[in-house]
Every structure is written in structure tokens, then in C-alpha cells.
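The structure appears right after this line, and notes come after that.
The values are calculated or read from the model by the stated rules, or taken from the named source; none is laboratory data. These numbers come from a predicted model, not from an experiment. When we count neighbours, we look across all protein chains shown, and the Cβ atoms used for this are built from the backbone with ideal geometry, even at glycine. The area values use the complete protein model at the heavy-atom level, side chains included, leaving out ligands, DNA and RNA. Shrake-Rupley method; radii C 1.70, N 1.55, O 1.52, S 1.80 Å.
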Amino acid sequence: MEEKIIILDFGSQTTQLIGRRIRELNVYCEIVPYNKFPHGDESVKGVILSGSPFSVYDREAFKVDLSGIRGKLPILGICYGAQFIAYTNGGKVEPAGSREYGRARLGRFEHDNPLLKGVREHSQVWMSHGDTITAVPDNFRVIASTDEVAVAAYQVEDEQVWGVQFHPEVYHSVDGTLMLKNFVVDICGCRQTWSSASFVDSTVAELKEQIGNDRVILGLSGGVDSSVAAVLLNRAIGRNLTCIFVDHGLLRKNEFHDVLHDYECLGLNVIGVDASEKFFKDLEGVSDPEQKRKIIGRDFVEVFNAEARKITDARWLAQGTIYPDRIESLNITGKVIKSHHNVGGLPKEMNLRLCEPLKWLFKDEVRRVGRELGIPEHLIGRHPFPGPGLAVRILGDITREKVRILQDADDIFIRGLRDWKVKDADGKEVSLYDQVWQAGVILLPVRSVGVMGDERTYERAVALRAVTSTDAMTADWAHLPYDFLAQVSNDIINKVKGVNRVAYDISSKPPSTIEWE
Ligand code: XMP
């Protein structure tokens, strides 16, 4: 049985980051809502309480009874987690001065405490809290302080219970990962055996067991998640997996054929459906962004379902849902809700059960699993691409001609990014494509005057968009080299008929979004 750490989520923005750090230590962990501890699960080796947007005094603050866990498993409270444990045991928590945000240095600390073993003198930690612990209960021992924060960390005497008011999971806490390692490896005793290879082995075995000889349907999008899910399932059940790849006519240039070919080379049993006619017909004359999305969503379900129905003995629907999709949808404070865009609304009469083999993985782990499965790098390293495709990058109504112009311009930009090499921070040669999170071209609903040869032109303008990001929740515009932008602009204007102007989008998210619609 895979041993694991449970992270109780009290709604902090950094809860996912705690999970990532622990996975990076090759220890498996799961994030569950603060009140959903899996009592009775013997594979749990330790518990971490996350931070929270609430104060322990707020009426809506999340409270949990730890009596079933304390004494049985090691516990580490982070920020609110630490304050909650101190407060509910008779400690004092009060509003903090404004200086308890940002960098601080551990001044006095117990070097031989198991949690702090190896932590360097004056180690920088990152604080971010509105409240602070001003007095700890009698049986709590302060094990670290900073100039401003007396109780930077504590341990409950004779118990495996710790609290830290700083955030060890964030990058700016320089020995933070070491402290988490001390906790999960030394204190909880986890063996650091979680790896993409072990994930593939155990998941393939589980899928075989779960699915047996049933037939499974999976919708492929060309993206990383659905591709990895398909190859994983293919390894488990082979020809009993049928993949459906719908072309709505709004993919990148040649993408449908190229990706279909890749899928066939990977040995997948895949049905490619060219439904572009239907989508173009239904989108005719529609310029409202939400309306466009709705039509595409509805048509997609119709086309997918028509294909799925043909597989009359299917018992399962597989999806490439990954962990952040689920955490965002489940976010307990209700503040961030991102609906995910997978196939929805399958016919009820088909009575399919849901299979989501990647539902516990982060994006970079999905990529590692993909490499482990031998999926080629150009599929693994692909930028995210929106479900409604180029429809959300053509402002205004959609025609085949506009799609053609955008595909050509986009193709020049993306090829350019792949071909332009730069040195990364370690001196390694990488392409600009690999340095940005996502890139594409937007076709603007404006024409502008230009001059080509001796002729006056009155043609379309396009905008280039390239962003850096780690999760698409926030993003910055990519600082691409001017020489590169000059070359792409030149190529587009010279080679794409109908375009005489290229702009570069320098907005970050927020307040803008990555896509223009
Ligand atoms: P925004 O534009 O909201 O995009 O900053 C964030 C990320 O989500 C992608 N995106 C979509 N993906 N269906 C999708 O599958 C959609 O309707 C959709 N809209 C945006 C976008 O490309 C970016 O990666």
C-alpha cells in the first residue's frame, strides 16, 4: 500500500504548494478538505494542517476536532494550522503588526529539534499572517523565533505535534523544503518511493483490476492530459479502450492530422471525427464570446455522443482530469471556482462510470508520467490550448477564411518559438517555446492602413500573445527578444495574405486574461 501524507485544507492559497513540495520529495500526499480526514486509512503516515484566509476568531473559521488524530500520527500545523492548534489548546492568538508579512530570519531556534535539523543559522522564512500567537499553552515549547515573531515555531512537549507560523512550502523559505523533508521522512517515516515509474506500475495494475474486460471510451483533445490518460489506459486494457478525437475545425494548422498520426503511432485505438462543417454552420454570424463557447460546447457533446453511442458495450468514460482541476472546483472557501472543460453531459442511457486515472497528479507529474510511458516530447511539452480552440482567438464572428488567416499566422509564431534557441539560467540551450507557458495569435476585428510596394493596403491586424505562468491562474506577458518579435512580425506580414499589422500583447493576468475572449 502506498504510504501517504494527508494535508487538511483550510483554504489557503498555498495548500497546493505544500502538496507539490511533498511530491517533489517523492512522497505521496493527498489534499482533503479540513473536515474530511480519512479515519481508518492505515496508509496515512502524517498530517499537515494548511493555512487559511480566516482568523481563528472568525465565526466562519474552519474548525476541526483533532482528537482522533493526535497521539496516533505526527501533526504539523502551518500558519493558521499552527494558530488553530495553539488557540484550541488554550494559547493566545491576536492581530499581528503589519511586519508579519514577507521575509524574516530565524534568530533563535532549537538546532537539534527533529523538525529543524540541518536548518541554517539565520535561515530566511516567509511570513504571511494577519494574526499571531502571543502566548502558547504551558505544554507547548517555542522552538524558533524571529526578530518580530516570538513564536515562529513550536512543539507540543512529549508529543509529535509541531506548528510553524511561517510558510515552509514557499520558495522564499530557503530551508522550507528541508523542514518538510524532516517532517515527512524523519518524523513520519515515509520512504520517498513515489515516482512516475511507481505511479505507472501501480495505476496500470489498479486499472486492470477496476476495469477488467469492460470497454472504455475516452475523448482525446490533443492536449497533454488526455493523451497521457489514453496511453496509460492503453497499457492497462489495450484494444478495449476506444478514443474519440473530434475536429471542430478550430484547431491549429494541420493539428488534427498530425496529432491523429501521433496517436496512431502510439498504438491507440482512435476514431478521428471531422465535424468542422457542423461547427462552422452553427457558428455562422455569431460574434458574442459566450454564445460562441456555448455553441461549441453543445456541438461537441452532440458529435462526441453520436460516436460514443456506436460503442454499445462501453461501460466506462475515461477523462484526463488532473488534480488542480479538482482542487479548484472543490475549493472549500468558494472563492476560486474554475469549471473544467472536459466532455460533459453524456447520454444517461449509456450509464457510464467515470475513470480518471490522473486525478491525483499535478501538471508536471503528468508530463513525467507521459515521458515514462514513452510519449514523444513534442506531445508532452505542448502548450495548453483552449477547448473552443481558435474560436476564442478570432474576435467577432467566425468564417473559414478567418480561421485560415489565423492558422497561418499562428503557425509562423509557434514554429518561430520552437526554432529560436536561447540559454536558460543553467546555460542549457532551450527554445523560446519551452520557456513560455502558452502562446498564440489573435485575429483582431479591425483593419488598418498599410503600404506594400507602391500599393496602399487596408487589411487585418493580429496580436501575438505569449505568457509565462505556472498554473494559468496568474500570468505575465513573456519578455520575448525584440529581434525575435521583429522576425515573426516580418514573416507574418510577408507570408500571410490579408494581414498588414502585428501587435504584441503586454498585459498580465490579472487584470487581463490569457485568452482574449
Ligand atoms: P484565461 O483566458 O481564463 O485562460 O486566462 C486560462 C487558461 O485556460 C485556457 N482556457 C480554456 N480551456 N476551454 C478550455 O479547455 C475554455 O473554454 C478555455 N478558456 C480558456 C486558456 O487557454 C489558458 O490556458
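Worth a mention:
- Every residue from the range 179-201 that is of a type in the set (Val, Ile, Thr) and at pLDDT below 95: 193
- Count - residues of the range 213-224 that are among the small types (Gly, Ala, Ser) and open to solvent by 40 Å² or more (accessible area, probe 1.4 Å): 1
For (1) open to solvent by 30 Å² or more (accessible area, probe 1.4 Å); (2) in a loop (DSSP other than H, G, I, E, B); (3) touching a residue at least 40 places away in the same chain (Cβ under 8 Å), each residue gets a yes or a no:
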| residue | (1), (2), (3) |
| --- | --- |
| 31 | no, no, yes |
| 36 | yes, yes, no |
| 39 | yes, yes, no |
| 42 | yes, yes, yes |
| 46 | no, no, yes |
| 54 | yes, yes, yes |
| 59 | yes, yes, no |
| 67 | yes, yes, no |
| 83 | no, no, yes |
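- Hits in the range 119-139 (condition: closer than 14 Å to residue 162 by Cα and buried (at least 20 other Cβ atoms within 10 Å of the Cβ)): 133, 136
- Residue satisfying condition, being among the aliphatic types (A, V, I, L, M) and either open to solvent by 40 Å² or more (accessible area, probe 1.4 Å) or in a loop (DSSP other than H, G, I, E, B) (or both), within set 116, 106: 116
- Any hit, the range 166-178, residues being in contact with a Cys (Cβ under 9 Å, 6 or more places away or on another chain) and at pLDDT below 95: no
- Being of a type in the set (Val, Ile, Thr), within 16 Å of the ligand (Cβ to nearest atom), modelled with pLDDT of 95 or more and more than 20 Å from the chain's Cα centre (by Cα) is true of residue 394.
- Screening residue 22 against (1) buried (at least 22 other Cβ atoms within 10 Å of the Cβ); (2) more than 25 Å from residue 171 (Cβ to Cβ) leaves a single unmet condition, (2).
- Some residue of the range 461-468 being under 19 Å from the mean Cα position of the chain (by Cα) and either of a type in the set (Ser, Thr, Tyr) or at pLDDT below 95 (or both): yes
- Residues located in the range 482-517, provided they are more than 16 Å from the ligand (Cβ to nearest atom) and open to solvent by 80 Å² or more (accessible area, probe 1.4 Å): 482, 483, 487, 490, 494, 495, 497, 501
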